[in-house]
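Undergrad: First the structure, which I've put down as C-alpha cells, then a few questions once you've had a look.
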Amino acid sequence: MQLYSNKSSRGTRPRWLLEETGLPCEIVNVDFATGEHKSDAYRKLHPHGSVPVLVDGTTAIFESAAITLYLADKAGNLAPPVGSVSRGLYYQWCVWTMATLEPGVIQVFLQGRKPEAERDATAIAEGTARYHECLRVLSEALEGREWLVDNTFSAADILVISVVAWAGAMKLNEGFPVIADYVARGKARPAFLRARA
Ligand SMILES: N[C@@H](CCC(=O)N[C@@H](CS)C(=O)NCC(=O)O)C(=O)O
C-alpha cells in the first residue's frame with residue numbers, strides 16, 4: 001500500500017493509524033508547493049487533487065476518515081467488533097467528527113486564511129459557536145473516561161483528536177479542560193509522536 005500525504009494535512013489521520021497498528025505502507029510525500037497534486041497523473045488517484053489518498057493494489061481510496069477506518073479494519077484492531085453496540089457508537093463518533101464537528105472548524109479556518117479586512121466576523125462567530133456546541137457534547141461523553149468507545153483507544157479517537165487538536169492550534173478549545181486533557185492524552189501516544197516526526 002502507498003499513502004499519498006503530507007505532514008500538514010488530514011493525511012496525518014491515517015498516518016497515525018498506521019503507526020498505531022504497524023501495518024506496512026509506503027508513505028509518499030505530496031508537495032503542495034510544486035502543485036503535483038493538481039497534475040493529471042495525481043488526479044487519477046484523487047479526483048479532487050487533494051490528500052490523502054491510499055493506494056491498495058489497483059484501488060485508490062480517498063477521504064481521510066474512510067482510509068483511517070479501512071486501515072483499522074485491515075489491521076484488525078482499533079475498532080470494536082462489527083455488529084456490536086460498541087461498533088454503533090464507534091460509527092456515531094466517526095461520522096459525527098466529519099459531519100458535525102469538523103465543519104465549524106473549517107468555517108473558522110477558511111476565514112483565518114483571508115486577509116484580515118476580508119474576514120467575515122459573523123461566519124467566524126457562527127463556526128465557533130457550532131464547534132463549541134460539539135465540544136460541550138464531547139466533554140460530556142468523555143467525563144470520567146480516557147477514550148470515547150468502551151474507554152478503549154480506537155480509530156474514533158484518532159479522528160476526533162485530529163480535528164480537535166487542529167482547532168486547538170487555532171485557540172478554539174479554551175474553556176474546555178476535558179477536551180484539553182483528551183488531546184494531551186492523544187498527543188502523548190508514541191504512535192502520534194512517530195506519525196508527526
Ligand atoms: N474531506 C477530505 C478533505 C481533503 C482535503 O481538503 N485535503 C487538503 C489537505 S488537508 C488538500 O489536499 N488541500 C489541497 C487541495 O485540495 O488543493 C478528507 O478528509 O480527506
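The values are calculated or read from the model by the stated rules, or taken from the named source; none is laboratory data. Everything numeric in this text was worked out from a predicted model, so none of it was measured. Every residue, glycine as well, gets a Cβ built from its backbone with ideal geometry; the counts of neighbours run over all protein chains shown. The area values use the complete protein model at the heavy-atom level, side chains included, leaving out ligands, DNA and RNA. Shrake-Rupley method; radii C 1.70, N 1.55, O 1.52, S 1.80 Å.
Undergrad: When you check Y131 against the structure, is it in the same structural domain as E19 (by TED's automatic domain parsing), modelled with pLDDT of 95 or more and among the aromatic types (F, W, Y), yes or no? Show your work before the answer.
TA: Details: in the same structural domain as E19 (by TED's automatic domain parsing): no; modelled with pLDDT of 95 or more: yes; among the aromatic types (F, W, Y): yes.
Answer is no for this residue.
Undergrad: Here's a follow-up. The conditions are (1) within 9 Å of the ligand (Cβ to nearest atom); (2) at pLDDT 95 or above; (3) not acidic (D, E), and Y4 fails exactly one of them. Which is it?
TA: So the condition that Y4 fails would be (1).
Undergrad: The conditions are (1) hydrophobic (A, V, I, L, M, F, W, C); (2) crowded, with 17+ Cβ neighbours inside 10 Å; (3) touching a residue at least 40 places away in the same chain (Cβ under 8 Å), and A165 fails exactly one of them. Which is it?
TA: (3)
Undergrad: Filter region 111-170 for residues that are outside any helix (DSSP H, G or I) and basic (K, R) and give the result.
TA: At the first step, the residues of region 111-170 found to be outside any helix (DSSP H, G or I) are 113-115, 119-120, 143-154, 170.
R113, K114, R119, R145, listed by residue number.
Undergrad: Condition (residue is within 15 Å of the chain's Cα centre (by Cα), crowded, with 17+ Cβ neighbours inside 10 Å and within 16 Å of the ligand (Cβ to nearest atom)) applied to region 143-153: is it met by at least one residue?
TA: No, every residue in region 143-153 fails to be within 15 Å of the chain's Cα centre (by Cα), crowded, with 17+ Cβ neighbours inside 10 Å and within 16 Å of the ligand (Cβ to nearest atom).
Undergrad: Restricting region 39-63 to residues that are among the charged types (D, E, K, R) and farther than 21 Å from Y91 by Cβ, which is nearest to the ligand (Cβ to nearest atom)?
TA: Step one: list which residues in region 39-63 are among the charged types (D, E, K, R), which gives 40, 43-44, 56, 63.
Right, trim to farther than 21 Å from Y91 by Cβ and you get 40, 43-44, 56.
On the way: D40: 15, R43: 11, K44: 15, D56: 16 Å.
Per the criteria, the residue is R43.
Undergrad: I need a count of the residues in region 23-38 that are more than 12 Å from the ligand (Cβ to nearest atom) and open to solvent by less than 60 Å² (accessible area, probe 1.4 Å). It would help to see each step written out before you state the result.
TA: Of the residues in region 23-38, the ones more than 12 Å from the ligand (Cβ to nearest atom) are 23-29, 34.
Now drop any that are not open to solvent by less than 60 Å² (accessible area, probe 1.4 Å), which leaves 23, 25, 28.
So the answer is 3.
Undergrad: Let me ask something else about it. Please enumerate the residues belonging to region 64-123 that are basic (K, R) and either surrounded by 18 or more Cβ atoms within 10 Å (Cβ to Cβ) or within 15 Å of the ligand (Cβ to nearest atom) (or both). Talk me through it step by step, then tell me what you get.
TA: From region 64-123, those basic (K, R) are 74, 87, 113-114, 119; that's our starting set.
Hit for region 64-123 is R113, nothing else.
Undergrad: What is the number of the single condition among (1) within 18 Å of R196 (Cα to Cα); (2) within 12 Å of the ligand (Cβ to nearest atom) that E19 does not meet?
TA: Checking E19 against (1) within 18 Å of R196 (Cα to Cα); (2) within 12 Å of the ligand (Cβ to nearest atom), the one that fails is (2).
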